[in-house]
Amino acid sequence: FRKPFSAATFDGGYDLGDGRVFAFKTLFVVSQLVGYALSKYAGIRVCSEARRSQRLPLLVGLIVVAELAMVGFGAAPNSQPLLKALAIFANGLPLGMVWGLVVLYLEGRRTSEILLTGLSCSYIVASGVVKDVGRALLAGAWIPVPLLPAEQGWAIPNPLPPVPEFWMPAATGALFLVPFALAAWLLDQTPEPDREDEAARTPRGPMLRAERNAFLRQYGLAIGLAIAAYFLLTAFRDYRDNYMVEVLTQLSYDYENNRSMITRSELLVAFGVMAVLSQLHRIRDNRAGLIATYAVMSVGLLSVGLATLLLDLGVLTGFWWITAVGMGAYLAYVPFGAVLFDRSIAQTRFAGTAVFGIYLADAVGYTGSVAIQLTKDLGTAGVSQLDFLRMLAYAVGLLGSALLVGSCYAFARR
């Protein structure tokens, strides 16, 4: 419900009146990001304070609003790009709170690393699948099946004619409405953490303003350094995600012969991330587990820079580079949305919810994503998406890993 529009290229741009043109796709990406970032700021309170009985109605309501916004995106006149930007902004507004509501079901358990890593890997795979589904709807082609090569005929028949690119996001979302409703209902059947979970990971509950301020006063330096790294990391991850279609084209991979390439890449990333991060649950000591989480994240960011160097030296192909930087970025990104703050709450024994830290980081991170996106199109318009992603990879690899090491040291001292 968030990413299908990124499967289209939306040729053309909005004339700013001073000789510069704001590309339509950039306009839509930024509009949705602004809505999504504002949603994260709202989620600091809404998700931190949400009670069990409120979660399912909120989840379903937020997704329905997001789908209706995509219908508005398709229905707005093509001659009115600002109306379409407003619709995609409205799509981002509810979606930023979905993650926190789902995490509330899974945090504070002895198996939280496995559950939250699996949850995180689902959106890595989903982002790739939804782009391939969107591209299939645009082309009127059969819909690829994850894990199976569409180029060899493994696909689902598509009963629709080619869908116009402005209607493609709504059509894609409609395909997933019923599966989402079923999944949300099943998730709501999840029992609360038991006594052994609470003994190992601290009881969890709503975190009101006083508790949030106290947590920041005590651990502000460590959180601040981590969020600075996340600022860069989110910008890199989002840019890779939003422009993967263009980047693969610039790496000389055409759609006709590589219809399921994005899904294959993201499946490799998801399984790799799952294989590494799911092992963190084996570390019972919360202090050691927190340090190990930081170590994995730092190595992940360093590997983003190293993989880019290997691409520039001609050692890696484009496919393996886009996969490797995705793997490294998500090894650092996924713990921010799950494991890092869950372990932080468990180690500090602070009464509250990991969702507060997650949403504080997300609010700043997606603000950074908006800033980087605007910098690209307004400050470095002549640089290709591929070259800009390469530059970001070096920055996040070197500076981001240094910030994470500093954050780990600050947490360990406290």
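The values are calculated or read from the model by the stated rules, or taken from the named source; none is laboratory data. On a predicted model such as this, the values are computed, not experimentally measured, just so you know. A quick note on method: Cβ atoms are made from the backbone with ideal geometry, for glycine too, and the neighbour counts reach across all protein chains shown. All accessible areas refer to the heavy atoms of the entire protein, side chains included, with ligands and DNA or RNA removed. Shrake-Rupley method; radii C 1.70, N 1.55, O 1.52, S 1.80 Å.
Overview of results
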read-out	value
Failed item, numbered, when ASP342 is tested on (1) of a type outside the set (Phe, Trp, Tyr); (2) within 23 Å of CYS408 (Cα to Cα); (3) touching a Lys or Arg at 6+ places or on another chain (Cβ under 6 Å); (4) buried (at least 23 other Cβ atoms within 10 Å of the Cβ)	(3)
Matching entry among ALA150, ALA139 (being open to solvent by 10 Å² or more (accessible area, probe 1.4 Å), modelled with pLDDT of 75 or more, among the aliphatic types (A, V, I, L, M) and in contact with a Phe, Trp or Tyr (Cβ under 8 Å, 6 or more places away or on another chain))	ALA139
Pairs with Cβ under 7 Å, 6+ apart, first in the stretch 166-182 and hydroxyl-bearing (Ser, Thr, Tyr), second open to solvent by less than 50 Å² (accessible area, probe 1.4 Å) and modelled with pLDDT under 90	THR172/PRO4; THR172/VAL130; THR172/VAL133; THR172/GLY134; THR172/LEU137
Filter result (out of contact with any Phe, Trp or Tyr (no Cβ under 9 Å at 6 or more places or on another chain) and of a type in the set (A, V, I, L, M, F, W, C)) within the stretch 63-78	VAL64, VAL65, LEU68
Flag for PHE388 being at pLDDT below 90 and either in a helix (DSSP H, G or I) or closer than 27 Å to PRO94 by Cβ (or both)	no
Subset of the stretch 241-260 (residues that are open to solvent by 10 Å² or more (accessible area, probe 1.4 Å) and either of a type in the set (Phe, Trp, Tyr) or in contact with a Phe, Trp or Tyr (Cβ under 6 Å, 6 or more places away or on another chain) (or both))	TYR253, TYR255
Tabulated pairs, the stretch 324-335, first under 16 Å from TYR294 (Cα atoms) and open to solvent by less than 10 Å² (accessible area, probe 1.4 Å), second assigned to a helix (DSSP H, G or I) and charged (D, E, K, R), C-beta under 6 angstrom, 6+ apart or interchain	ALA329/ARG237
Filter pass, ALA307 being modelled with pLDDT of 85 or more and closer than 25 Å to ALA412 by Cβ	no
Condition met for PHE180 (over 30 Å from GLY400 (Cβ atoms), open to solvent by 40 Å² or more (accessible area, probe 1.4 Å) and either at pLDDT 85 or above or part of a helix (DSSP H, G or I) (or both))	yes
Among (1) more than 17 Å from the chain's Cα centre (by Cα); (2) within 27 Å of GLY35 (Cβ to Cβ); (3) not polar (S, T, N, Q), the one test that ASP387 misses	(2)
Of all residues making up the stretch 10-57, the number that are assigned to a loop (DSSP other than H, G, I, E, B) and modelled with pLDDT of 80 or more	4
Count of residues meeting criterion [farther than 22 Å from GLU67 by Cα and of a type outside the set (Val, Ile, Thr)] in the stretch 83-112	8
